[in-house]
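S.K.: Starting off with a structure, shown below.
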2 protein chains.
Amino acid sequence: MTINRQWLINANPRGRALTIEDFKYHEETLQALTSDEVRVKTTTLGFDPSQKGQMENVSGYASGNNVGDLMVGRGIGEVIESSHPRFPVGSIVTGPLGWQEYASVKPRLLELIEDEDIAPSAYLGPLGSTGLTAYFGLLRVGQPEPGDEVVISGAAGGVGSITGQIANLVGCHTTGIAGGSKKCDWLVNNVGFNHAIDYKSEHVKSRLRELVPSGINIFFDNVGGDILNDALACIAPHARVVVCGGISRYEQATLPQGPANYFNIVFRQARMEGFLLTAYSAEFAEARRRLKTWIANGDITYKEDVQEGFENIPKTLLRLFSGANFGKQILNL
Amino acid sequence: MTINRQWLINANPRGRALTIEDFKYHEETLQALTSDEVRVKTTTLGFDPSQKGQMENVSGYASGNNVGDLMVGRGIGEVIESSHPRFPVGSIVTGPLGWQEYASVKPRLLELIEDEDIAPSAYLGPLGSTGLTAYFGLLRVGQPEPGDEVVISGAAGGVGSITGQIANLVGCHTTGIAGGSKKCDWLVNNVGFNHAIDYKSEHVKSRLRELVPSGINIFFDNVGGDILNDALACIAPHARVVVCGGISRYEQATLPQGPANYFNIVFRQARMEGFLLTAYSAEFAEARRRLKTWIANGDITYKEDVQEGFENIPKTLLRLFSGANFGKQILNL
């Protein structure tokens with residue numbers, strides 16, 4: 001009898017900060033596999049701010065999860081039991097494995113990882129929803145043109161850093177906003193951003209005015225709050241504000257103020273637009289093919305923040321909300 | 001010697017409510033007309049909330065005006081002196097006449113009014129920037145489709161009431177938000193809105209949920225503030241929020257809060273977009289031709305709030321900010 005260790009949802013964190021107590025340790029005995037499932041031993045989990053939103057179970061975003069349910073999450077693992085011809089024992093797969101050591105998953109939810117030249121964990125970052133969000137958010141919603149001034153908040157995060165690199169590939173000029181000189185140095189020296197603004201030590205609006213005197217053509221926002229407001233003060237005519245995330249809002253008890261400068265979209269004939277990745281699912285394969293090529297060519301680099309150990313899973317998610325992670329947050333079990 | 005009575009800008013009302021003291025009465029002696037000008041005796045002036053913005057002289061919106069300058073404003077008048085073949089004495093014209101009895105204007109800034117079946121004052125409303133703003137804001141920015149649920153704030157105003165009628169012509173279902181039962185009754189019984197919400201006596205968000213249970217496809221906002229926030233709470237997937245005006249903001253000393261619900265544009269994959277009418281100037285003639293046809297057919301009706309007397313010009317502009325006007329605000333000198 002094999003014991004499967006799991007983390008369950010212990011409380012709904014809606015309207016407050018997420019805590020360690022929102023998760024509950026659980027053990028179950030592995031049941032016999034049904035014929036339409038594949039058993040996967042999880043090796044790596046990926047973390048994303050939207051996981052808090054899923055726990056909040058608010059209609060309209062992601063389908064929610066209830067207290068007592070297994071915490072959802074995407075991961076990488078190895079097939080250890082299977083009668084499915086496409087996923088033989090020993091295959092490396094990615095899919096919605098959840099926060100547990102062993103996942104029993106329907107094959108249609110899994111993807112086989114066959115690349116030899118890219119680390120499997122890339123499927124939790126640049127080749128997963130992180131990279132796809134950057135790709136479609138920038139290219140479809142932002143509609144960049146060569147020479148555009150692109151400003152990205154949360155630039156050192158998984159989505160932000162890839163967005164900046166795709167923007168550079170399109171011929172844009174890039175400015176990243178991130179917290180701390182370590183992240184800012186990395187953006188400029190390793191990722192290829194033209195400029196970086198440290199929101200913890202610099203006045204964001206003044207620095208935007210200095211670095212982007214012609215105005216922002218695309219603001220790709222992962223943060224919301226004051227940074228969104230500062231950026232709206234600095235948009236160029238016909239700017240596109242891509243609303244991708246709002247991590248500054250995710251832990252607030254009541255809805256914070258919206259951007260007081262929103263009316264600049266009238267003066268600047270600009271648009272603010274939100275998107276959900278699922279809208280582009282028909283094009284994921286093509287986007288991933290391109291992202292793979294860029295990674296293989298060295299056109300896109302990425303950074304992982306790797307934590308270790310099953311017991312550290314809940315506190316690893318919390319790192320995202322304090323900004324402690326530097327790069328795409330993953331954990332090896 | 002003819003005396004020309006004028007109203008000048010006496011103070012910049014930036015960041016506060018407009019008052020009667022922001023204007024100064026002035027008399028000048030009419031000078032001889034130069035050869036490249038036409039002299040027009042003003043008969044009617046049109047009023048628009050953007051006139052306060054012009055006085056504030058903030059870069060990026062309309063080119064501003066300074067304290068001591070003649071107050072700008074569009075009007076209708078009769079040519080009383082001219083050597084220009086296209087504008088003989090007796091012609092009825094519209095153009096930027098300003099707040100004065102006699103305007104000396106370059107012909108290229110004037111338009112001849114030759115229609116026999118439409119009152120000249122229509123050129124200050126449905127055939128002027130009011131109608132054009134409704135036309136391009138709804139059709140180009142909003143991109144309505146038949147069956148769309150269109151909600152309009154400031155619906156009983158000049159822009160709002162025409163926007164609703166164009167939306168009906170396109171096959172949309174229309175809900176207007178206005179202040180007071182008189183305006184709401186007019187919207188439903190005379191203008192053809194399907195529903196009206198009285199924001200002074202009704203809870204806007206609850207009523208939107210009742211009247212538009214499938215969600216708002218297009219929100220055309222003339223007001224901003226709480227009403228924009230309520231509408232954002234009720235948008236449908238892929239909604240378009242057309243930011244046309246924000247009269248609730250125009251008199252605030254400090255920038256009021258932005259819409260706390262802006263993040264719904266992510267959940268709903270929606271867009272908020274601003275526009276300036278000048279972007280569409282190449283298409284004004286065609287738009288006006290269509291608006292004329294609709295007015296002539298009775299497909300578009302409009303209401304004027306007519307004040308009288310040169311001495312009442314400043315206080316007539318103030319009516320817009322208290323919501324006292326019912327229909328397009330004009331004044332006959």
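S.K.: Per q in 0.21 Å⁻¹, report the Debye log10 I(q)/I(0) for segment B:28-162, using one uniform scatterer on each alpha carbon and no solvent.
M.R.: -1.27
S.K.: For chain A, just run the numbers: alpha carbon Rg, then divide by 2.2 N^0.38 Å, N being how many residues it has. All intermediate terms of the calculation are to be shown ahead of the outcome.
M.R.: Numbers: Rg = 20.3 Å, N = 333, 2.2 N^0.38 = 20.0 Å.
That ratio works out to 1.02.
S.K.: Related question: With a ≥ b ≥ c taken as the square roots of the eigenvalues of the C-alpha gyration tensor of segment A:13-95, please select rounded if a/c is under 1.5 and otherwise prolate if a/b is larger than b/c or oblate if it is not?
M.R.: Details: a/c = 2.31, a/b = 2.04, b/c = 1.13.
Prolate, since a/c reaches 1.5 and a/b exceeds b/c.
S.K.: Could you tell me the calculated FRET efficiency between B:ASP185 and B:PHE321, based on Cβ-Cβ distance and R0 = 30 angstrom, to the nearest 0.05?
M.R.: Efficiency, from the Cβ-Cβ distance: 0.80.
S.K.: Could you tell me which of A:GLN307, A:ASN325, A:LEU291 has its Cα farthest along the dipole of segment A:286-326 towards the positive end, charges placed at Cβ (Lys, Arg +1; Asp, Glu -1), taken about the Cα centre?
M.R.: Going by the Cα projections, it comes out as A:LEU291.
S.K.: If you take the beta carbon distance between A:ALA11 and B:ALA17 as r and set R0 to 60 Å, what does 1/(1 + (r/R0)^6) give as a FRET efficiency, to the nearest 0.05?
M.R.: On the way: r = 48 Å, r/R0 = 0.80.
That pair, A:ALA11 with B:ALA17, gives E of 0.80.
S.K.: Provide Rg over Rh for segment A:185-315; use the alpha carbon set for both Rg and the Kirkwood Rh (inverse mean inverse pair distance). Don't skip to the end; give the middle numbers.
M.R.: On the way: Rg = 17.7 Å, Rh = 17.5 Å.
Here the Rg-to-Rh quotient is 1.01.
S.K.: Need one number: nm distance between label points at B:LEU33 and A:GLU308, each 7 Å from Cα along Cα→Cβ, rounded to one decimal.
M.R.: 9.1 nm
S.K.: Just list whichever of A:LYS52/A:LYS183; B:LYS41/B:LYS328; A:LYS24/A:LYS200; A:LYS200/B:LYS52 have alpha carbons separated by over 28 Å in the model shown. Working shown, then result.
M.R.: Numbers: A:LYS52/A:LYS183 24 Å; B:LYS41/B:LYS328 22 Å; A:LYS24/A:LYS200 34 Å; A:LYS200/B:LYS52 38 Å.
Where the Cα-Cα span goes over 28 Å, the pairs concerned are A:LYS24/A:LYS200; A:LYS200/B:LYS52.
S.K.: Distances from A:ALA282 to the same position in the other copies: list them in nm, one decimal, shortest first, using label points 7 Å from Cα along Cα→Cβ.
M.R.: Ordered by increasing distance: 3.1 nm.
S.K.: While we're here: I'd like the distance separating the alpha-carbon centroids of segment A:1-50 and segment B:65-121, in whole Å.
M.R.: Cα centres, segment A:1-50 to segment B:65-121: 74 Å.
S.K.: Would you mind putting A:149-160, A:280-291 in packing order, based on average other-beta-carbon counts within 10 Å, highest first? Intermediate values should be presented prior to the final figure.
M.R.: Numbers: A:149-160: 29.3, A:280-291: 14.3.
The peptides rank, most packed first, as A:149-160, A:280-291.
S.K.: With a 1.4 Å probe and every protein chain kept in, tell me what percent of the accessible surface of chain B is carbon plus sulfur.
M.R.: On the way: 6390 of 13630 Å².
The C+S portion of the solvent-accessible surface of chain B is 47 percent.
S.K.: To the nearest 500 deg cm²/dmol, what mean residue ellipticity at 222 nm is calculated for chain A from DSSP H runs of n ≥ 4 alone, each contributing -39,500 (n - 2.57), summed and divided by the residues?
M.R.: On the way: 9 runs with 77 residues, N = 333.
Calculated mean residue ellipticity at 222 nm is -6500 deg cm²/dmol.
S.K.: If I model a spin label as a point 7 Å beyond the Cα along the Cα-Cβ vector, how far apart are those points for A:GLU81 and B:GLU286 in nm?
M.R.: So the label points at A:GLU81 and B:GLU286 sit 6.7 nm apart.
S.K.: Same structure again: Work out how far the C-alpha atoms of the protein assembly as shown reach from end to end along every principal axis, then list the three figures in whole Å, largest first.
M.R.: That works out to 107, 52, 39 Å along the principal axes.
S.K.: Evaluate E = 1/(1 + (r/R0)^6) for A:GLU210 and B:ALA279, where r is the Cβ-Cβ distance and R0 equals 30 Å; express this FRET efficiency to the nearest 0.05. Provide the component values of the computation, followed by the final result.
M.R.: Values: r = 29 Å, r/R0 = 0.96.
According to the calculation, E is roughly 0.55.
S.K.: May I ask for the accessible area buried between chains B and A, both sides summed, probe 1.4 Å, to the nearest 100 Å²?
M.R.: On the way: alone 15000 and 14990 Å², together 27260 Å².
Looking at B and A, the buried total is near 2700 Å².
S.K.: Could you give the accessible area per residue of the protein assembly as shown, probe 1.4 Å, as a whole number in Å²?
M.R.: Details: 27260 Å² over 666 residues.
Solvent-accessible surface per residue comes out at 41 Å².
S.K.: Straight-line reach from A:LYS182: which aspartates and glutamates have a Cα under 13 Å away, not including same-chain ones fewer than 8 places off?
M.R.: Candidates past the 8-residue exclusion: A:ASP198.
S.K.: Another question, if that's okay. Which distances, shortest first and in nm, link A:ALA324 to the matching position in the other copies, using label points set 7 Å out along Cα to C-beta?
M.R.: Computed spacing set for this position: 6.1 nm.
S.K.: What does the structure give for A:12-18 when I average, per residue, the other chain Cβ atoms found within 10 Å of the residue Cβ?
M.R.: Values: counts 0, 0, 0, 0, 0, 0, 0.
Mean shielding count: 0.
S.K.: Oh, and also: Tell me, for the rotation carrying A onto B, which chain A residue has the beta-carbon closest to the axis and what that distance is in whole Å.
M.R.: Of all Cβ atoms in A, the one closest to the rotation axis yields A:GLY258, 2.
S.K.: Normalised by the number of residues in chain A, what is the relative contact order in percent for Cα pairs under 8 Å and 6+ residues apart? Don't skip to the end; give the middle numbers.
M.R.: Working: 718 pairs, mean separation 56.5, N = 333.
Worked out over chain A, it gives 17 percent.
S.K.: Ok, one more. Would you tell me the mean number of C-beta atoms belonging to other protein chains that fall within 10 Å of each C-beta in B:270-281, as a whole number? Don't skip to the end; give the middle numbers.
M.R.: Values: counts 5, 9, 9, 9, 12, 6, 5, 0, 1, 3, 0, 0.
Mean partner-chain Cβ count within 10 Å for B:270-281: 5.
The values are calculated or read from the model by the stated rules, or taken from the named source; none is laboratory data. Bear in mind that the values here come from a model prediction, so they are computed numbers and not experimental data. Neighbour counts run over all protein chains shown; Cβ positions are idealised from the backbone, glycine included. Calculation scope for accessible area: heavy atoms of the full protein, side chains included, ligands and nucleic acids excluded. Shrake-Rupley method; radii C 1.70, N 1.55, O 1.52, S 1.80 Å.
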